[in-house]
Amino acid sequence: MDRVKSSMQQVPNAIPKVIRRTGGANSLELEKENFERGQAVSINKAINTQEVAVKEKHARTCILGTHHEKGAHTFWAAVNRLPLSSNAVLCWKFCHVFHKLLRDGHPNVIKDSMRNKADLTDMSRMWGHLSEGYGKLCSIYLKLIITKMEFHIKNPRFPGNLQMSNRQLDEAGENDVNNFFQLTVEMFDYLECELNLFLGVFSSLDMSRSVSVTAAGQCRLAPLIQVILDSSHLYDYTVKLLFKLHSCLPADTLQGHRDRFQEQFKKLKSLFYRSSNLQYFKRLIQIPQLPENPPNFLRASALSEHISPVVVIPAESSSPESEHVVETDDLVDTDLPVLPAFQAPVETKFDDLFGTSAAIDPFNFNSQNGMRKDDKDRLIEQLTREIQALKDELESFRLESGRLCQALRGRVNELEAELAEQSHLRLQAAGESEFLKAELDDLRRVREDTEKEQRSLTEIEKKAQANEQRYTKLKEKYTELVRSHADLLRKNAEVTRQMTVARAAQDEVEAVRKEMQDKVKAAQETADRQEREQLDQLQELQRELVSSRVELDSLKTTVVSSQQSSDVLSTQLATLELEKAELVQSLSKVEAELAVQGEELQQVQSSLASERENGVKTAEALQNQLNEKESREQALESQLVAARWSSLQGAVEEAEKLIQDSLVQIDDPAHISCTSSADYLASRCQASIDCMERLHSARDCFVADNTAVSELVRVVTQCGHLVGDTIVQGSATSHMVPVEQADALSESVKACGAEALDLLSHMKQQDSIAAADDCKLKAALEAILTTAEKLRPRGLELQQGELGDLVEQEMAATSAAVESAASRIEEMLNKSRAVDTGVKMEVNERILASCTELMQAIKVLVVSSKNLQRDIVESGRGAASMKEFYAKNSRWTEGLISASKAVGWGATVMVDAADLVVQGKGKFEELMVCSHEIAASTAQLVAASKVKADKDSGNLQRLQQASRGVTQATAAVVASTKSGKSQIEEKDTMDFSSMTLTQIKRQEMDAQVLVLELETRLQKERERLGELRKKHYELAGVAEGWGEEQEGTG
């Protein structure tokens, strides 16, 4: 990283030299040119076809280049010139370098690369067709890169190297559980692509050999360093997010997340373990080891046991490539001073034995005797052996010291890496502790806020509960009041009824009382009268008693009877008194009940008055609510009007964009190669004119009633599409016509576009929409339609409706001609049976029967052709009408018309030929030729019918079967004609028995002359037939407009 910083600081230092050398205005251009040249060289060195790993210095230069220009424009300008689609190794190394740029380059690299996403997708799909080698790996790597780009575009808070703190991770989810849920799914997809590349690289290597030390193996393994870095971060973030989700959502909801994490955990752990055992990774990166078991997300405390995996990349000085190699000379230099210490005693011992001057005194003969020489030799050999042993020991010391130095250096490197890891862990722990402190403070504040909110929420809930209870009580009271009001109304009605009944009963009682009083009075009067009468009688009896004792017995009897009658009357009077007392008692009860009911009536009236007051208050409250509702409805109505107008403006703006895009498209040089036909242009113009009529009516409706905006929006959008299509098709048609007509058509098309834009600009303003005039645009479209009609081929001069009607007319005419021919043949057969006899009648019946079968087969063929054409039109016309479909496919339509005419004409001619043959005036050859012509015409009709048909259509199968039936019927007509001809010729057998030699010779000469004449005539007729066919072909070509199409193409 220090080298990157120093390199970035060294880049601007070259600028003053360039300025001093070039001076002034061109210095920046020269600097840019040197920068682009240097980048191109580094990119070409990093991305080449050699199957070796990408060198770090070239990749580092590319990364610095993105920071220098704050983007990846230069990188993509150089990469787009490379043949990535033709060389898999080149594409693989491009993916490696591009992955490094996405991780360590400028943040704008991702944004600048999104425009090449489609090309990368196509390249991935192309390499995916290869099942082995670099092709399959390139496809997987490209998918990973596309997934990485999409992830960072969707989540811009994540840097390219995925290094984030826990606070930043929480901010990325915006404290929304839905965002965390979606982010976890995207990380699963991202990690899945990383694992697929891991597995793809390992499966492509032969792990039974030491592939990591070969250049080809290192080329494949090098990108996995970036994958390991990304995977470690993704694993860490996924674990933290899953713990966060489990704290917010139920466990069942996250079952799918847990299953997917378990699967990816097993794969990642296995791949990390396999990678850590490769010699190539041991000197470049320290791969972390995942725990034995995955975290238990169902236990929240397991988060504290989670240790984030840390990937350590050693410094460059400790890499095997830059390690200092211990030389042997260094070891020798350090140990050489030991040698004199060994040599000094040897020399002293030698001098003590042989003397100091023995080696230099040539006249010392005593030292030359044999004994002396042997001792000296032995001593020399002994010393030599000791010296050699000392040398071997010294060499072993040197090797051992070198090995120990190398081991110590390795141990120092390991300790430095562990120290770096511990420092990193310490920094991470310090950062995490700070983050945890800040998070703890946040949690405390959140807890305080939560408690406040909880208290306020509790108060609100209590208020809401009280309001709910109050509302419930009011509702119950209101219901009770309504119920009591109804009961009181019913009681009022009942009391009123009872009062009416009581009044009636009281009237009756009064009447009865009066009647009883009258009866009592009458009874008293009767009793008084009877008493007076009895007293009078008694007095009279007493007077009579005195006067006459004779009538004493009768008088006594009379007295007894009068006493009995008076007892009866007194009994009746007592009974009437009792009845009177009962009636008085019942009357008092009725009066008490009436008093009680009067009190109840007063209570009902008071409650009714209170209910009336409550009803008035309720009506006033409802009136206030109604007024508020009316005000809200007015506000909503104003918003609805604004929304309608905004939708109309959006539709008008969309139509303007379509027309402007069409005008820009016709000025594009790439549009010159586009062509179109005049008849299609005419159909588009006619559709645009019809749409203008609907636009005019929809606009009038909108001006009259602004609620009718949906139809206007629909028509404006459709009008924009149709006018834009007319402009594009008009420009494409101008490429097929002569220059003058092309210029006129182009000017008309541009004028049409200008008028359309002017009309739409008026319709965008609310005050000018009523005054918008569409006559100019309609006139421009009609001018284009007139020009298209002039440019149409002569064979296409029929209008759409006429062409569509003509197809139906010709098919109907063909059916009628076939029916007429069949009826005529039936008439001829009946007439032949009535006139002819013998062989002639047999021949005529056979020929006419075969002709009848042929007509029936043609009739079936015509019906099948109609059904197939109906299927073709229904499946191909879409939203257009049947006539528009025929007009759009005018060549095919005219082929149908021509074939139908040929079939009808052939049927008529064959019937005429058969009539002449039956009458004996025609020739059998004419009938056979007519049969062949009908077969050819039906074949043309079949070909024209099935050219646009679906091969699996049932009507097509029936049409082909009908065609085979016509062919068989034609063969039957030809066979019956030949058979009849042979029978007639056998009847006219030549008889030369009565002729003389001279007559026979004369007849022979006449026959030869006739043969020569017939041969000459045959040759001339064949030539005439060829000329007729050639002329027919030319006329048919003119009618179809072939010549004009060739001229337009030329």
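The values are calculated or read from the model by the stated rules, or taken from the named source; none is laboratory data. Note that the coordinates shown come from a computational prediction; the quantities given were computed from them, not determined experimentally. Cβ sites come from the backbone with ideal geometry, for glycine too, and all protein chains shown count toward neighbours. Surface accessibility is based on the protein's heavy atoms, side chains included, excluding ligands, DNA and RNA. Shrake-Rupley method; radii C 1.70, N 1.55, O 1.52, S 1.80 Å.
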- line: A student asked for the Cα radius of gyration and Dmax of region 631-773 in angstrom ought to give 17.5, 67
- line: Neighbours of Pro288 by Cβ distance under 12 Å: Lys/Arg at +1, Asp/Glu at -1, summed charge -1
message: With unit charges on the beta carbons (Lys and Arg positive, Asp and Glu negative) and the dipole taken about the Cα centre of region 250-317, which residue among Asn293, Ser270, Pro250 sits farthest to the positive side?
response: Ser270
field: Flagged links, alpha-carbon separation over 30 Å, of Lys491/Lys589; Lys831/Lys866; Lys452/Lys629; Lys831/Lys923; Lys473/Lys617
entry: Lys831/Lys866; Lys452/Lys629
message: Compute, for region 558-648, the length of the dipole vector about the Cα centre, with Cβ point charges of +1 (Lys, Arg) and -1 (Asp, Glu) only. Units Debye, rounded to 20.
response: 480
query: Does region 41-157 come out rounded, prolate or oblate by the C-alpha gyration tensor, with a ≥ b ≥ c the root eigenvalues, rounded set by a/c under 1.5 and, if not, prolate when a/b is larger than b/c and oblate if not?
result: oblate
task: Kindly write out, for region 707-724 in residue order, the coupling ³J(HN,Hα) from the Karplus curve 6.51 cos²θ - 1.76 cosθ + 1.60 (θ = phi - 60°), rounded to whole Hz, with x marking Gly and Pro.
output: 7, 7, 9, 5, 5, 5, 4, 4, 5, 4, 5, 5, 5, x, 4, 5, 5, x
- prompt: How far is the Cα center of region 923-943 from the Cα center of region 65-91, in Å?
  reply: 69
task: Place a +1 charge on the Cβ of each Lys and Arg in region 192-254 and a -1 charge on the Cβ of each Asp and Glu, then give the dipole magnitude about the Cα centre in debye, rounded to the nearest 20.
output: 140
Distant-in-sequence amide H partners of Val312 (H built 1.01 Å from N, under 5 Å): Gln286
statement: Residue by residue through region 647-652, the couplings from Karplus 6.51 cos²θ - 1.76 cosθ + 1.60 with θ = phi - 60°, in Hz, x for Gly and Pro, are 5, 5, 4, x, 5, 5
query: Out of region 21-113, which trypsin sites (Lys or Arg not before Pro) are coil in DSSP terms and have no more than 15 other C-beta atoms within 10 Å?
result: Lys55, Lys70, Arg81
message: Just to confirm the filter: which trypsin sites (Lys or Arg not before Pro) across region 124-164 are DSSP coil and have at most 13 other Cβ within 10 angstrom of their Cβ?
response: Arg157
query: Can you give the accessible area per residue of region 602-647, in Å², using a 1.4 Å probe?
result: 78
task: Take Met114, Met763 and sort them by solvent-accessible surface of the protein heavy atoms, 1.4 Å probe, largest at the top.
output: Met114, Met763
message: Whole-Hz ³J(HN,Hα) for each residue in region 96-101, computed from phi via Karplus 6.51 cos²θ - 1.76 cosθ + 1.60 with θ = phi - 60°, x for glycine and proline: what do you get?
response: 4, 5, 5, 5, 4, 5
query: When only DSSP loop residues count, what trypsin sites (Lys or Arg not before Pro) in region 238-307 have their Cβ near at most 15 other Cβ atoms within 10 Å?
result: Arg283, Arg299
message: Charges on Cβ only, +1 for Lys and Arg, -1 for Asp and Glu, centred on the Cα centroid of region 74-215; of Phe158, Ala77, Val177, which one is farthest towards the dipole's positive end?
response: Ala77
- request: Please work out the C-alpha center-to-center distance from region 645-672 to region 420-474 and express it in whole Å.
  value: 54
